[in-house]
Amino acid sequence: MAGIYIHIPFCKTRCIYCDFYKETDESRMDTFGEALCTEAVEIR
């Protein structure tokens with residue numbers, strides 16, 4: 001079984017233990033979602 005992990009980098013707060021890229025500015029969330037959907041369609 002294959003899988004894929006997609007990290008959504010928008011968090012309400014920054015955790016000190018998290019090593020992933022993260023944003024607390026949610027104003028770019030829509031743009032990120034649109035780009036993610038565009039990439040997913042291109043992979044198919």
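Here, each number is a calculation from the coordinates, and none is a lab measurement. These numbers come from a predicted model, not from an experiment. Glycine also receives a Cβ, built like all others from the backbone with ideal geometry; neighbour counts cover every protein chain displayed.
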Could you give the semi-axes, largest first, of the ellipsoid that matches the chain, computed as the square roots of 5 times the alpha carbon gyration tensor eigenvalues and rounded to whole Å? 23, 16, 5
Cysteines not pairable in the chain (beta carbon separation under 4.7 Å absent): Cys11, Cys37
Taking amide H positions as placed 1.01 Å from N in the peptide plane, with prolines and chain starts having none, which residues 5 or more places from Phe10, or on another chain, fall under 5 Å of its amide H? Glu23
Given the Cα-Cα distance of Cys37 and Ile4 and 0.36 nm per residue of separation, how much length would full extension add, in nm? 10.4 nm
